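Here's the structure we're looking at; comments come further down.
Derivation of every value follows stated rules applied to the coordinates shown; laboratory data play no part. The model shown is predicted, which means the values in this text are computed figures rather than measured ones. Note: ideal-geometry Cβ built from the backbone for every residue, glycine included; neighbour counts use all protein chains shown.
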Amino acid sequence: MHVGIVGATGQVGSVMREILIEREFPIESIRFFASERSAGRKIGFQGDDIVVENATTANWDGLDIVLFSAGGGLSRELAPTVASSGAIVIDNSSAWRMDDDVPLVVPEVNSHALKEIPKGIVANPNCTTMVAMPVLKPLHAEAGLEKLIISTYQATSGAGLSGVEELSKQIDEAGNSAIDLTHNGSAVAFSNGNSFIEPIAFNVIPFCGALIDDELEETNEERKLRDESRKILEIPDLAVSATCVRVPVYTGHSLAISASFSSPISASKVRTILKEVPSVILEDIPTPLKSAGVDPTYVGRIRPDTVLANGISLFLSGDNLRKGAALNAVQIAEALNSET
Ligand SMILES: NC(=O)c1ccc[n+]([C@@H]2O[C@H](COP(=O)([O-])OP(=O)(O)OC[C@H]3O[C@@H](n4cnc5c(N)ncnc54)[C@H](OP(=O)(O)O)[C@@H]3O)[C@@H](O)[C@H]2O)c1
């Protein structure tokens, strides 16, 4: 296939490049795109130096699949143009996910949604939602999912390279002040970054994304968890209550989930079901560090939730840059390729 990556110089774009090679995606030619800032830079790919092109002035002819990972604004603007040139766009941003004419796909969960691609655009889910989908789908098939109460623990790389740099810089600024910070939260004057609204080093921030201006007073990350779970799992009335929290972790999003089902399901049944899911690993103590750099979602702390009807609680960790973004996008491309 003739493949393009828009945002090839970013975190997700670089993992996409790695994963295309790792999975031996059938590539006849590849082109990399980014902003004017990176245009002209050379990036090695399987022995060739590929010159990064400016996405806003590029010619899109001749491409079969274009993976977009350069923010919602650019996707909204550019994806229709790229699709009209004949390529299928697989978009990592939030721009198209809730469009009725755009399938939102996790291949092992709802690949049937790829049968109709009216706009030539397929959306990749939000990285936090994605971690949970391969786990919740088989449990829904068994017992009928009705309600989710979720707290997230989201890594700084979920906010782009700038999020990672902000954490790293603030850790450096703290230097040897750990003892001082133990007694006085203001002991270090952390510099302000653009990614997080409070210092992220040695802290947790119960605010991810941006506030939506309505009576629910939730953030767009919390809204995405509800809307995207409903669309992917095809449960339009799924009740979802989420609190999204940023934590000082570089990579690996985690979710503490309490789920309520229409029929009884035991913790041991949940373990038996999840043991058979190839993209899930059962782990006594799942952590983001274990999940960083690998493909499966780690699931553990599976136990009855006695507060909810037919309730189960569990904890998940998954790599937000791999399955949460780049891997899923490449798996969508593989699914499309196998249909052609
Ligand atoms: N990080 C995650 O966990 C995650 C997960 C799922 C989805 N996503 C989505 O994936 C996208 C990228 O995330 P990231 O973490 O890789 O961000 P990132 O590291 O900041 O990289 C951003 C990329 O977009 C390019 N870009 C920015 N503005 C552009 C423009 N106007 N025209 C062309 N290219 C432009 C940048 O190119 P330059 O080198 O030229 O600046 C860079 O390649 C975002 O939409 C994000 O929401 C991220």
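Computed values, structure above
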read-out	value
Positive-end residue of 126, 274, 257, charge dipole of the chain with Cβ unit charges	274
Neighbour-count order for 250, 153, 298, fewest beta carbons within 10 angstrom listed first	250, 153, 298
Rg(Cα)/(2.2 N^0.38 Å) for the range 1-118, N = residue count	1.03
Computed [θ] at 222 nm, deg cm²/dmol, the chain (DSSP H ≥ 4; -39,500 (n - 2.57); rounded to nearest 500)	-9500 deg cm²/dmol
Full-stretch length increase - residue 115, residue 301 - with 0.36 nm per residue and alpha-carbon distance subtracted	63.3 nm
Kirkwood-based Rg to Rh ratio, the range 218-330, C-alpha trace	0.95
Shape of the range 112-152, Cα gyration tensor, a/c cut at 1.5	oblate
Rg [Å, one decimal], Dmax [Å, integer] - the range 68-162, C-alpha atoms	15.0, 44
Sequence ranges 82-88, 134-140, ranked by mean other-Cβ count within 10 angstrom, highest first	134-140, 82-88
Along each principal axis, Cα extent of the chain, largest first, Å	57, 51, 41
Cut-off 15 Å between beta-carbons: net charge of the residues surrounding residue 186, Lys and Arg +1, Asp and Glu -1	-3
Cα-based Kirkwood hydrodynamic radius, the range 82-222, one decimal, Å	18.3 Å
Burial ordering of 101, 213, fewest other beta-carbon atoms within 10 Å first	213, 101
Shape box of the range 164-287 [Cα atoms, principal axes, largest first, Å]	52, 39, 25
